[in-house]
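The values are calculated or read from the model by the stated rules, or taken from the named source; none is laboratory data. Given the structure is predicted, the values throughout are model-derived calculations rather than measurements. All Cβ positions, even for glycine, are placed from backbone atoms using ideal geometry, and neighbour counts span all protein chains on display.
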Amino acid sequence: METTVESSAIQVTDLHVSYRTKGGQTLKAVQGLSFAVQPGEVVGFLGPNGAGKSSTIKALMGFVEPDGGSASIMGLRAGSLAARKRVGYLPEVALYYPYLTPIETLTLFGELQGLRGPELRKEAMHLLELVGLSESYRRQNRTLSKGMLQRVGIAQSLLGSPDVLILDEVTSGLDPIGRRELRNLLKARRDAGCTLFFSSHELAEVEMLCDRLLLIDKGHLIEERKLDDLRDQLREFEVTYTGGPVLSDWSEDIEIGEGGAVRVRFGNQSDLLQAIDRIHQQGGKVIEMIAREGSLEDYFIDTIQRAA
């Protein structure tokens, strides 16, 4: 029987994953990747196409054998039966038997997890209702849209109330209504203590859900940030005024507009407030003050480009 010490919900240490290409070359998808996700955290796993996100997730699920390093879930070896019982998984492309219905699909996967009987059917119906498929549970999968199949996959990943959810491109195929419903569902799981680890190219969804970001490129971890700290860093403050002092000693981001109006940008609120006091003390007139949230997309692109 496998023993466990549950310090981290997910632990990846010096992970290496490679593949053989059709031409016989070796593709290094993950190169010395290390990170940890704590129980109850919501972590976004970000990177451009080909960065190694899906390869890392496949190693966590035991679908690929690493060349080196280790990975664990709730202190259990990644890919072991004990670990798989603790995790719910949604692949980037969820493929299901076309002639099964959603309720039959969930029943099949539930039985593979060791769930049985009326309780399994009750849970499956409840999950299908949560993802908005209560009226389509008897339709064959081949008649469902891509978004509806994604909902089947989300319901399947929640079977058995797993401690950890690992979701690869979780919003793929969902319309705006579906994304909002999924967001609310994942927030409810988070509030119940579930650990969420997911990749997504939808940065707005990441920003609304995550506590922390892991950014990888070319198989390497290039940045790890708490989202609240990142928001503070990206936030901009701006004042426009006439008359009064020149604030070149406070900021290098200064523009002179029509009529001599001066626009100055600051990286934090404290500098803005002190500058406003100085403007007033020296006879200037404040025309406008703005607090602007920074762009997560700009941060993502700039960080990837710096790492290239």
Going through the range 161-177 one residue at a time, which ones are in a loop (DSSP other than H, G, I, E, B) and under 14 Å from the mean Cα position of the chain (by Cα)?
E169, V170, T171, S172
Return yes or no: is M74 in contact (Cβ under 8 Å) with a residue 40 or more places away in the chain, aliphatic (A, V, I, L, M) and on the phi > 0 side of the Ramachandran plot?
yes
Any idea which of D232, D211, D253, D277 is closer than 30 Å to A59 by Cβ and acidic (D, E)?
D211
Given (1) modelled with pLDDT of 90 or more; (2) of a type in the set (K, R); (3) within 17 Å of the chain's Cα centre (by Cα), index of the condition R180 fails
(1)
So, E169, is that one touching a strand residue (DSSP E or B) at 6+ places or on another chain (Cβ under 8 Å) and over 30 Å from L100 (Cβ atoms) or not?
no
Of the conditions (1) buried (at least 18 other Cβ atoms within 10 Å of the Cβ); (2) among the charged types (D, E, K, R); (3) part of a loop (DSSP other than H, G, I, E, B), K58 clears all except one; give me its number.
(3)
When restricted to K28, K85, the only residue over 15 Å from the mean Cα position of the chain (by Cα), within 17 Å of C194 (Cβ to Cβ) and modelled with pLDDT under 95 is K85
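Let's see how each residue does on (1) surrounded by fewer than 20 Cβ atoms within 10 Å (Cβ to Cβ); (2) modelled with pLDDT of 90 or more:
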residue: G110; (1), (2): no, yes
residue: L115; (1), (2): yes, no
residue: H126; (1), (2): yes, yes
residue: L130; (1), (2): yes, yes
residue: G160; (1), (2): yes, yes
residue: V170; (1), (2): no, no
Helices (runs of 4 or more DSSP H) enclosed by the range 89-160 - at least 2 residues per element that are assigned by TED's automatic domain parsing to the domain that holds S55 and touching a strand residue (DSSP E or B) at 6+ places or on another chain (Cβ under 8 Å)
146-157
Pairs, first over 16 Å from A291 (Cβ atoms) in the range 222-234, second among the hydrophobic types (A, V, I, L, M, F, W, C) and not in a helix (DSSP H, G or I), C-beta under 6 Å, six or more apart
I222/L215; E223/L215; E224/L214; R225/L213; L227/C210
With the requirement that a residue be among the aliphatic types (A, V, I, L, M) and in contact (Cβ under 8 Å) with a residue 40 or more places away in the chain, what does the range 77-94 give you?
A82, V87, L90, V93, A94
Name the residues in the range 223-258 that are buried (at least 17 other Cβ atoms within 10 Å of the Cβ) and of a type in the set (A, V, I, L, M), would you?
L227, L230, V239, L247
Of the residues in the range 105-126, those that are in contact (Cβ under 8 Å) with a residue 24 or more places away in the chain and among the acidic types (D, E) number 1
Please enumerate the residues belonging to the range 246-268 that are of a type in the set (G, A, S) and either in contact with a Ser or Thr (Cβ under 9 Å, 6 or more places away or on another chain) or modelled with pLDDT of 85 or more (or both).
G257, G259, G260, A261, G267
